[in-house]
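Visitor: My questions all concern the structure below.
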Amino acid sequence: MPIALLALALSAFAIGTTEFVIMGLLPEVAGSLAVSLPDAGWFISGYALGVAIGAPIMAIVTARLPRKTCLALLMVIFIIGNVLCALAYSYGLLMVALVVTALCHGAFFGIGAVVAAGLVPPNRRASAVALMFTGLTLANVLGVTAGTWLGQLFGWRATFWCVSFLGAAALLALLVSLPAQRNAAPANLAREMAALRNGRLLLSLLMTVFFAAAMFTLFSYIAPLLLQVTHISDRGVSWTLFLIGAGLTVGNLLGGRLADWRVSVALMLSFALIALFSVLFRWTSGTLWPAEITLFFWAMATFCTVPALQFNVVAHGADTPNLMSTLNISAFNIGNALGAWVGGKVIDAGFGLTMVPLAAGWLALGGLLICLITFSRPPRRALTA
């Protein structure tokens, strides 16, 4: 694999750490800014909203830039956003800083996936995308754990300072390792917008929404499930999240290999397994080891889907890769918000925490149905499926 892929993975690690570490630092942030935990929870929603809205906007604004220049500019925005987070002294300023940071998120992963796929031969493109996204999964395993520990020890601002330095290192690695691609044709914005009339492309984006909704319906409420149903300690929750992160990482790498072989099989198998392990967790959540094993395989199945989803959208929008790949990240964050809302509604309706995995399973089956519709007829343009 080219060294440039490692630079992209390092960038993904830094961006992913900023996205997820705020969840582990909510008590410290809330106490420092003298707000309630629910109010602090809006930082997570604000970041997701910044990604969902900012991704296509940034893709359009940077459409005429060479991809290397674009990725470097996005990392500069990321560094500035994290510095502003570290300096923020009020609730409103921290919210603005997080939204600024989020602006680069979707566009970076969207354009970065296109660049990663272009660095390797055609038969290894999905694996290349998976390697870049490994940085995101490792952010869950290592970045959040280390960032939370650092924030608890030295204050939450120290975490954002460290991520800023990590972003600077990633920027330097991108500038040194990425090819200039001087001969790459600039994006045609009108053509990219016209691609949204492609029905299979819209189905592919909807597939991503259902995937993220299925994932975050369960993942958003995994801590209370483990505490109240599995009856493990706070420390046990941390170790379980580490185990889930390991499963996400393994699944991401396996998903890249599977998608290189056949995208349609990778997606349909992954959605089926997400549904299976989500429903199974409904029955294993009451006992420690069955619950841990189920969650590990659920995590593997979940991120086994990511490379295929990204590659599938780019393949259906092959003439318009920048905007399409970026819109896929927006679709993911829309699904993120939808999943958290669905899980909350299940709990508010009085069905209890143990019904949340069943809701996640139904959403995964919805994604599987969209897969069957999408791949039921040969696409108009060539697609590895």
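The values are calculated or read from the model by the stated rules, or taken from the named source; none is laboratory data. Computed from a predicted structure; not experimentally measured. Virtual Cβ from ideal backbone geometry, glycine too; neighbours counted across all protein chains shown. Remember, those area values only see protein heavy atoms, side chains included, never the ligands or the DNA or RNA. Shrake-Rupley method; radii C 1.70, N 1.55, O 1.52, S 1.80 Å.
Visitor: Checking VAL76 against (1) touching a residue at least 60 places away in the same chain (Cβ under 8 Å); (2) under 25 Å from TRP161 (Cα atoms); (3) of a type outside the set (Lys, Arg); (4) surrounded by 23 or more Cβ atoms within 10 Å (Cβ to Cβ), which single condition isn't satisfied?
Guide: (4)
Visitor: Shifting gears a bit: Among the candidates ALA195, ALA158, ALA187, ALA168, which residue alone is open to solvent by less than 30 Å² (accessible area, probe 1.4 Å), at pLDDT 85 or above and not acidic (Asp, Glu)?
Guide: Working: ALA195 fails: at pLDDT 85 or above; ALA187 fails: at pLDDT 85 or above; ALA168 fails: open to solvent by less than 30 Å² (accessible area, probe 1.4 Å).
Result: ALA158 is the single residue among ALA195, ALA158, ALA187, ALA168 that is open to solvent by less than 30 Å² (accessible area, probe 1.4 Å), at pLDDT 85 or above and not acidic (Asp, Glu).
Visitor: Give the number of residues within the range 196-224 that are part of a helix (DSSP H, G or I) and farther than 22 Å from LEU365 by Cα.
Guide: Going residue by residue through the range 196-224, those that are part of a helix (DSSP H, G or I) are 196-197, 199-219, 222-224.
Checking the rest, the ones that are also farther than 22 Å from LEU365 by Cα come to 196-197, 223-224.
Looking only at that region, the number is 4.
Visitor: Whether any residue in the range 125-133 is at pLDDT 80 or above, open to solvent by less than 10 Å² (accessible area, probe 1.4 Å) and part of a helix (DSSP H, G or I) is what I want to check.
Guide: If we filter the range 125-133 for residues that are at pLDDT 80 or above, which is where we start, we get 128, 131-132.
Applying the additional criterion that residues be open to solvent by less than 10 Å² (accessible area, probe 1.4 Å) yields 128, 132.
Retained after the next criterion (residues that are part of a helix (DSSP H, G or I)): 128, 132.
Yes, the conditions are met somewhere in the range 125-133.
Visitor: Of VAL356, VAL313, VAL279, which residue is open to solvent by 20 Å² or more (accessible area, probe 1.4 Å) and either modelled with pLDDT under 80 or of a type outside the set (Lys, Arg) (or both)? Don't jump to the end; show me each part of the working.
Guide: Details: VAL356 fails: open to solvent by 20 Å² or more (accessible area, probe 1.4 Å); VAL313 fails: open to solvent by 20 Å² or more (accessible area, probe 1.4 Å).
Unique residue meeting the criteria: VAL279.
Visitor: Follow-up. Could you pull out every one of the helices (runs of 4 or more DSSP H) wholly within the range 1-69 that has 2 or more residues that are under 20 Å from ILE329 (Cα atoms) and out of contact with any strand residue (DSSP E or B) (no Cβ under 6 Å at 6 or more places or on another chain)?
Guide: Details: elements: 3-24, 26-33, 37-61.
Fully inside the range 1-69 and qualifying: 3-24, 37-61.
Visitor: Restricting to the range 50-67, what's the tally of residues that are under 23 Å from SER177 (Cβ atoms) and buried (at least 20 other Cβ atoms within 10 Å of the Cβ)?
Guide: Matching residues across the range 50-67 total 4.
Visitor: I'd like to verify a number: residues in the range 226-263 that are open to solvent by 10 Å² or more (accessible area, probe 1.4 Å), among the small types (Gly, Ala, Ser) and assigned to a helix (DSSP H, G or I), how many?
Guide: Counting residues in the range 226-263 that are open to solvent by 10 Å² or more (accessible area, probe 1.4 Å), among the small types (Gly, Ala, Ser) and assigned to a helix (DSSP H, G or I) gives 3.
Visitor: List pairs: first residue in the range 240-256 and within 20 Å of PHE281 (Cβ to Cβ), second residue among the acidic types (Asp, Glu) and surrounded by fewer than 21 Cβ atoms within 10 Å (Cβ to Cβ) anywhere in the structure, Cβ distance under 9 angstrom, at least six positions apart or on different chains.
Guide: Once the first residue is within 20 Å of PHE281 (Cβ to Cβ) and sits in the range 240-256, its partners that are among the acidic types (Asp, Glu) and surrounded by fewer than 21 Cβ atoms within 10 Å (Cβ to Cβ) give THR240/GLU292; LEU243/GLU292.
Visitor: Hey, another quick one. Name the one entry in ASP234, ASP260 that is farther than 30 Å from PRO121 by Cβ and modelled with pLDDT under 90.
Guide: ASP234
Visitor: Within the range 79-118, can you find the residues that are in a helix (DSSP H, G or I) and open to solvent by 60 Å² or more (accessible area, probe 1.4 Å)? Can you show your working first?
Guide: Step one: filter the range 79-118 for residues in a helix (DSSP H, G or I), giving 79-87, 91-118.
ILE80, LEU84, LEU87, TYR91, LEU93, VAL96 - these are the residues of the range 79-118 that are in a helix (DSSP H, G or I) and open to solvent by 60 Å² or more (accessible area, probe 1.4 Å).
Visitor: Just need a number here: residues in the range 282-293 that are assigned to a helix (DSSP H, G or I), in contact with a helix residue (DSSP H, G or I) (Cβ under 9 Å, 6 or more places away or on another chain) and open to solvent by 10 Å² or more (accessible area, probe 1.4 Å). Working first, answer last.
Guide: Going through the range 282-293, the residues assigned to a helix (DSSP H, G or I) turn out to be 282-284, 288-293.
Those still in the list that are in contact with a helix residue (DSSP H, G or I) (Cβ under 9 Å, 6 or more places away or on another chain) too: 282-284, 288, 290-293.
Narrowing the set further to residues that are open to solvent by 10 Å² or more (accessible area, probe 1.4 Å) leaves 282-284, 288, 290, 292-293.
Matching residues across the range 282-293 total 7.
Visitor: Of the conditions (1) at pLDDT below 90; (2) open to solvent by 30 Å² or more (accessible area, probe 1.4 Å); (3) under 21 Å from ALA259 (Cβ atoms); (4) over 20 Å from the mean Cα position of the chain (by Cα), LEU327 fails just one. Which one is it?
Guide: LEU327 satisfies every listed condition except (4).
Visitor: Then there's this: Name the residues in the range 1-20 that are open to solvent by less than 10 Å² (accessible area, probe 1.4 Å), more than 17 Å from THR249 (Cβ to Cβ) and β-branched (Val, Ile, Thr), would you?
Guide: THR18
Visitor: Still on this structure, please answer the following. Being touching a helix residue (DSSP H, G or I) at 6+ places or on another chain (Cβ under 8 Å) and modelled with pLDDT under 80 narrows it down to one residue among LEU65, LEU84, LEU6, LEU37; which is it? Quick ask: steps written out before the conclusion?
Guide: Numbers: LEU65 fails: modelled with pLDDT under 80; LEU84 fails: modelled with pLDDT under 80; LEU6 fails: modelled with pLDDT under 80.
When all the criteria are applied, what remains is LEU37.
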